[in-house]
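The values are calculated or read from the model by the stated rules, or taken from the named source; none is laboratory data. Fair warning: this is a prediction, and the values are worked out from it, not measured in the lab. No Cβ is skipped: glycine too gets one built from the backbone with ideal geometry, and neighbour counts run over all protein chains shown. Keep in mind that these areas ignore ligands, DNA and RNA; they rest on the heavy atoms of the full protein, side chains included. Shrake-Rupley method; radii C 1.70, N 1.55, O 1.52, S 1.80 Å.
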Amino acid sequence: HLLMVADLDDASIGETCVIDIEAVPRLLEPVAKGARMTYRSTLVAGEGFGAERIISSVQDLAVSPDDTVVFYYSGHGARGDSKPDAWPVLSLGSAAPPYDTLDLAWIYQTLHDKNPRMLLMFVDCCQQQLPDAYIADSTPKGTARLPEPLIQANYRSLFRMHRGEVLMMSC
């Protein structure tokens, strides 16, 4: 599964988001072919760019235990002063504060809970520190952080049992 989310209409970064979104399938197609996998691609952009469509696209993704899920975001990001974790919030196109946002931690947790064989998240956005009052959070309530024992088990699994490389760059 490939779920791409991009702010293609933003006046300051939209053109580069278009380049990103065009490049991702070109990069994944030979990977899928080489691995003898097929994939379905979903793009949330343009008129559909916003919290409601992103939330439904994440929730509606039908994942089986042998699936790989790739989430790619290209757009603005930020973080509120009191945000306790390292995940940014996605800024969803509002021109003035409070900015409409969606917490990337919720996206991760929701995709993780679908139990894919592999989950890859590539996020190309800033984490500009903003006062909490500037953030209008559209994230569904009830988002829980992974329990610490599961986090530790994930680290052991990734760094002690698997081999491979993941190279991610962002600005």
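Among the residues in segment 53-64, are any closer than 25 Å to LEU8 by Cα and at pLDDT below 90? So far as segment 53-64 goes, no, none of its residues is closer than 25 Å to LEU8 by Cα and at pLDDT below 90. Counting just the residues of segment 27-61 that are open to solvent by less than 40 Å² (accessible area, probe 1.4 Å) and β-branched (Val, Ile, Thr), which one comes out farthest from THR110 (Cα to Cα)? This residue is VAL44. Residues in segment 95-129 that are more than 23 Å from VAL24 (Cα to Cα), in contact with a strand residue (DSSP E or B) (Cβ under 9 Å, 6 or more places away or on another chain) and not charged (D, E, K, R): PRO97, PRO98, TYR99, THR101, GLN128, GLN129.
For segment 62-100, the set of residues classified as of a type in the set (A, V, I, L, M) and open to solvent by 30 Å² or more (accessible area, probe 1.4 Å) consists of ALA62, VAL63, ALA86, ALA95, ALA96, listed by residue number.
For ARG26, state whether it is among the basic types (Lys, Arg), farther than 16 Å from LEU120 by Cα and assigned to a loop (DSSP other than H, G, I, E, B). Taking the combined requirement at face value, the residue does not satisfy it.
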